[in-house]
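Structure record follows, encoded as structure tokens.
The values are calculated or read from the model by the stated rules, or taken from the named source; none is laboratory data. These numbers were taken from a predicted model, which means no experiment stands behind them. For neighbour counting, all protein chains shown are included, and Cβ atoms are generated from backbone atoms with ideal geometry for every residue, glycine included.
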Amino acid sequence: MLDDLKDNNRAWAQRKVAIDPGFFRRLEGQQAPKYLWIGCSDSRVPANDIVGLDPGELFVHRNVANLAPPQDANYLSVLQFAVDVIKVEHVLVVGHYGCGGVAAAVDGQRRGLVDHWLHPIRETQNEHREELDALDGPKARWDRLVELNVQRQVRNVASDVFVQDAWARGQPLCVHGWVYSLANGLVNDLGVSVAGPDEVAGPG
Ligand code: ZN
């Protein structure tokens, strides 16, 4: 079973060691990534590949539609560990255009548990109803909702107590909002970065 994956794994490990014999030994000793990636589970958005980072360089949390819900113990545990223990310098909230999770949040169909998970996206849609309705066509509205969702999650991260405490003790930490394009592989920086408690914007 899954022999092709195991073959791939062996070939990959050999390639790594061929280039850098100490690669795995170093990583075994410690991980010290500078970045936390909060992204979508979508198989087309592989975190490390997109930004050209090796194992050990990116701390990763992925879930459906890249949410950072303040009550989610999984996300919060990752965030606290990344901020308090690893002391990452950047948190990247990375959505992607064409996100099925974002579409599923607002298409009115029932899917089960995931409908509850996606609830924050319906709230974001409601908060920006006017702007979204003014856009031309469903594709433009979908793209914009993807961006608004990222913006909202950046605010969730930036207003979190772990992040606020890190800033209060002078720890350098910046939260960024990006959207990845499946069509061309490029990241769009939404320009909503937050690097301190004074920059946490209001509703928007
Ligand atoms: Zn997605």
- Message: Take Arg111 and tell me if it is out of contact with any Ser or Thr (no Cβ under 7 Å at 6 or more places or on another chain), within 16 Å of the ligand (Cβ to nearest atom), farther than 25 Å from Gly191 by Cβ and not polar (S, T, N, Q).
- Response: yes
- Message: Quick test of your reading of the structure: Asn149 fulfils all but one of (1) crowded, with 16+ Cβ neighbours inside 10 Å; (2) touching a residue at least 60 places away in the same chain (Cβ under 8 Å); (3) part of a loop (DSSP other than H, G, I, E, B). Name the failing condition by number.
- Response: (3)
- Note on the structure: Residue set Glu131, Glu89; condition closer than 30 Å to Trp12 by Cα, charged (D, E, K, R) and in contact with a Leu (Cβ under 9 Å, 6 or more places away or on another chain); output residue Glu89
- Any chance you could count how many residues in the range 120-130 are more than 16 Å from the ligand (Cβ to nearest atom) and either under 15 Å from the mean Cα position of the chain (by Cα) or not charged (D, E, K, R) (or both)? 2
- Could you list, in sequence order, all residues of the range 61-90 that are within 16 Å of the ligand (Cβ to nearest atom) and outside any helix (DSSP H, G or I)? His61, Arg62, Asn63, Val64, Ala65, Asn66, Leu67, Ala68, Pro69
- Message: Can you find a residue that is closer than 26 Å to Trp142 by Cβ, buried (at least 18 other Cβ atoms within 10 Å of the Cβ), more than 16 Å from the ligand (Cβ to nearest atom) and within 13 Å of the chain's Cα centre (by Cα) anywhere in the range 91-100?
- Response: yes
- Select, from Gln80, Gln71, the only residue that is under 17 Å from the mean Cα position of the chain (by Cα) and modelled with pLDDT under 95. Gln71
- Identify, from the list Leu135, Leu186, the residue that is of a type outside the set (Val, Ile, Thr), under 21 Å from Val45 (Cα atoms) and surrounded by fewer than 20 Cβ atoms within 10 Å (Cβ to Cβ). Leu186
- Message: Among the residues of the range 6-14, are any on the phi < 0 side of the Ramachandran plot and touching a Phe, Trp or Tyr at 6+ places or on another chain (Cβ under 8 Å)?
- Response: yes
- Task: Just one of (1) more than 30 Å from Gly56 (Cα to Cα); (2) in contact with a helix residue (DSSP H, G or I) (Cβ under 8 Å, 6 or more places away or on another chain) trips up Trp167, so point out which.
- Result: (1)
- Can you tell me how many residues in the range 1-60 are surrounded by 12 or more Cβ atoms within 10 Å (Cβ to Cβ), small (Gly, Ala, Ser) and within 16 Å of the ligand (Cβ to nearest atom)? 3
